[in-house]
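What follows is a short report on a single structure.
What follows is calculated from the coordinates using simple rules that are stated; it is not laboratory data. Computed from a predicted model, the values in this text were never measured in an experiment. Cβ coordinates were reconstructed from backbone atoms using ideal geometry, including for glycine residues, and neighbour counts include every protein chain displayed.
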Amino acid sequence: MRDEESRFESRYRLLRDAMSEGFCVVEVLFDADGKPQDGILREVNRAYELQTGRVQAVGRRISELAPDLQDAWIQAFGGVARTGQPARFEQRAATAGKWYEVHAFRWGESQQGLVGVLFNDITQRKLDELMAQSVLDYAIVLLDPAGHVRSWNAGAQRIKGYTPEEIVGRSSSVFYLPEDAAAGRPARVLALAAESGRYEEEGWRVRRDGSRFWASVSVAPLHDSDGRLQGFVKVTRDLSERKSADDGLRAEVHERMRAQEQLHALNERLEAEVAARTADLTRANTDLLETRERLRELSARLIRAHEQERGRIARDFHDGTGQFLALLRMRLADLSRDVGEARVQPSTELVKQVIDHTRRLGLILRPIALDDLGLEAALESMVEQQAALTGWSATYDGALGERRFADEVETACFRIAQEALTNAARYADASEVRVSLAIGGEELVLQVADNGRGFDVEHYQTPEERATHFGLVSMEERAGLVGARLSIDSAPGRGTRVTAHFPLEARPG
Ligand SMILES: Nc1ncnc2c1ncn2[C@@H]1O[C@H](COP(=O)(O)OP(=O)(O)OP(=O)(O)O)[C@@H](O)[C@H]1O
Ligand SMILES: [Mg+2]
């Protein structure tokens with residue numbers, strides 16, 4: 001028995017949710033006087049949710065879900081719940097802008113106050129009706145030049161009451177009040193229309209049954225291609241009907257038109273806003289680019305000033321300290337002749353070390369060769385020095401001779417090579433290092449390669465690593481400032497190769 005019930009229940013649900021009609025069960029709430037007050041939704045199907053766009057409606061009140069429907073619907077549902085008489089009606093839901101066809105019937109036992117409601121969205125059908133209706137609102141009559149009826153539309157039949165068989169061929173003066181017809185008004189109207197191309201008036205007209213109505217009439221002449229009058233089109237509207245027409249539907253159409261206009265206005269506003277925002281963004285972007293450009297300039301200026309200062313100090317070392325030390329060594333040599341080599345030797349050794357140290361320091365600051373002899377000479381001497389320090393076998397390949405490049409390019413190239421070599425000396429544990437400088441196409445190409453342990457380049461790309469290791473970052477920065485491309489190829493166990501391509505058509509840094 002239980003099985004049977006649950007099978008029934010699941011089939012019921014299946015059917016309910018497969019229906020295209022909206023369906024809900026409403027529990028009608030009555031006040032103390034037995035008047036229906038409100039309703040609570042006890043059950044809804046899928047179509048209910050689709051048609052109303054409301055989910056989770058179960059357990060909520062109609063007054064809350066659709067306040068505008070409350071009165072009409074609750075009264076109707078109350079009647080159904082109380083009497084058990086089903087009800088059918090069409091109702092407009094103003095807030096949703098929709099029309100519904102509703103079928104309500106008692107659900108369950110009479111004392112439960114439950115009503116089953118089936119409904120359908122019939123908005124489109126209503127609008128179609130209105131369209132058809134508006135065609136029926138106008139009597140459109142074709143007259144021959146003498147004013148006899150030639151054709152007759154459905155609206156004319158509805159408004160004036162004649163069938164086409166009854167009226168075609170008869171004079172249009174039957175539509176006028178007898179006194180107007182007697183005074184020659186019908187012919188005058190046609191003559192005025194023929195004369196001025198169009199005639200419009202409001203006035204009394206007469207129906208088939210003799211009753212009169214207030215009409216708006218518009219008459220236009222019809223000419224053939226030679227300009228000969230062929231007849232008239234007469235459009236008449238019964239203005240007394242204006243009021244009785246379905247206000248709800250008219251309101252509906254107006255509402256839709258207004259909504260459309262609002263949408264249009266909204267759209268325009270939106271477009272204007274988008275345009276304004278785009279302009280803002282473009283401006284912000286330009287500002288950003290300018291700021292970035294200024295930063296780049298500043299950075300370039302800083303590096304330049306820095307290099308100049310280093311160069312000055314290096315030159316000081318070389319020309320000042322270096323000369324003094326050389327002098328000191330000569331003096332020591334003199335002295336050794338007097339007091340004997342053995343006494344002076346430790347001091348001579350010390351001075352030699354100081355000279356070496358000073359040279360190295362000068363080189364780190366800025367090799368004088370770079371300014372005086374050019375990039376190639378400076379690089380070559382740096383490679384040699386590093387080899388002497390580290391003991392690796394170093395080769396330098398280059399055939400540029402004394403060719404000079406833009407000051408900034410030379411400096412950037414030298415500094416990148418310097419950092420690459422320093423890194424190789426510190427971390428690579430390499431046995432061999434090759435440095436090359438060549439011209440390829442429109443570019444100056446620097447390469448520094450070691451056969452050491454290599455490293456995971458990706459690992460040093462994270463912001464945290466870049467904040468503590470500056471070498472790779474500064475290489476990139478220096479390359480960027482002169483428009484060069486920098487690439488670092490390395491992997492654990494495979495050595496490291498740093499390559500920089502400098503454009504020779506110097507770009508503004
Ligand atoms: N030729 C190389 N062989 C092996 N490892 C290298 C080589 N060059 C760089 N590395 C690795 O990459 C890391 C980052 O190098 P980077 O020059 O950016 O910083 P750093 O040398 O650690 O510090 P800084 O250059 O700021 O003194 C190094 O710590 C090292 O682990
Ligand atoms: Mg480094």
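Working ranking of peptides 442-450, 137-145 by packing, defined as the average number of other Cβ atoms within 10 Å per residue, highest first, is 442-450, 137-145. To the nearest ten degrees, helix 375-390 and the longest principal axis of the Cα atoms of the chain are 70 degrees apart. Ignoring aspartates and glutamates fewer than eight residues from Lys160 along the same chain, the ones with Cα atoms less than 12 angstrom from its Cα are Asp137, Asp209, Asp238. The alpha-carbon of Lys98 sits under 23 angstrom from the alpha-carbons of these lysines, leaving out residues fewer than 8 places away in its chain: Lys126, Lys243. The Kirkwood radius of the chain, taken over pairs of alpha-carbon atoms, gives through the Stokes-Einstein law at 10 °C and 1.306 mPa s a diffusion coefficient of 45 µm² s⁻¹.
Listed peptides 308-318, 54-64 appear in the order 308-318, 54-64 once ranked by packing, highest mean of other Cβ atoms within 10 Å at the front.
Counting every other Cβ atom within 10 Å of each residue's Cβ, Thr236, Thr422, Thr496 order from fewest to most as Thr422, Thr236, Thr496.
Charge dipole (Cα centre; +1 on Lys/Arg Cβ, -1 on Asp/Glu Cβ; no other charges) of region 376-503 amounts to roughly 160 debye. Over region 2-121, the alpha carbon radius of gyration divided by the compact-protein estimate 2.2 N^0.38 Å works out to 1.05. Residue exposure proxy: Tyr460, Tyr48, Tyr176, Tyr12, ordered by other Cβ atoms within 10 angstrom of their Cβ from fewest to most, comes out as Tyr12, Tyr460, Tyr176, Tyr48. Helix-only arithmetic for the chain: the sum of -39500 (n - 2.57) across DSSP H runs with n ≥ 4, divided by the residue total, places the mean residue ellipticity at 222 nm at -16000 deg cm²/dmol. Label zone of Leu389 (point 7 Å out along Cα→Cβ, amide N under 12 Å): in region 407-444 this covers 418-427. Packing-based ranking of 286-292, 297-303, 410-416, 156-162 yields 410-416, 156-162, 297-303, 286-292, ordered from highest to lowest mean Cβ neighbour count within 10 Å. Each 10 Å bin, from zero up to the one with the longest distance, holds this percent of the alpha carbon pairs of region 47-115: 19, 51, 29, 1. Exposure proxy shown here: for Glu458, Glu90, Glu419, the number of other Cβ atoms within 10 Å sets the order, fewest to most, as Glu458, Glu90, Glu419.
The stretch between Met19 and Asp209, if pulled fully straight at 0.36 nm per residue, gains 63.4 nm over its current Cα-Cα span. Karplus-derived 3J(HN,Hα) values for region 39-48, using 6.51 cos²θ - 1.76 cosθ + 1.60 with θ = phi - 60°, are x, 10, 6, 9, 7, 9, 9, 4, 5, 4 Hz; glycine and proline are entered as x. Placing +1 on the Cβ of every Lys and Arg and -1 on the Cβ of every Asp and Glu, with nothing else charged, gives the chain a dipole about its Cα centre of roughly 1040 debye. Gain on full extension, evaluated as 0.36 nm per residue between Lys35 and Glu505 minus their Cα-Cα distance, stands at 159.9 nm. For Lys352, give me every one of the aspartates and glutamates with a C-alpha distance below 18 angstrom, ignoring sequence neighbours fewer than eight places off in its own chain. Of all the aspartates and glutamates, those that pass the test against Lys352 - Cα under 18 Å, at least 8 places apart if same chain - are Asp319, Asp334, Glu341. Could you state, as a whole-number percent, how many of the C-alpha pairs of region 138-241 are farther apart than 17 Å? Value for region 138-241 (Cα pairs over 17 Å): 48 percent. Between Glu268 and Asp71, the FRET efficiency estimated from the beta carbon spacing at R0 = 41 angstrom works out to 0.60.
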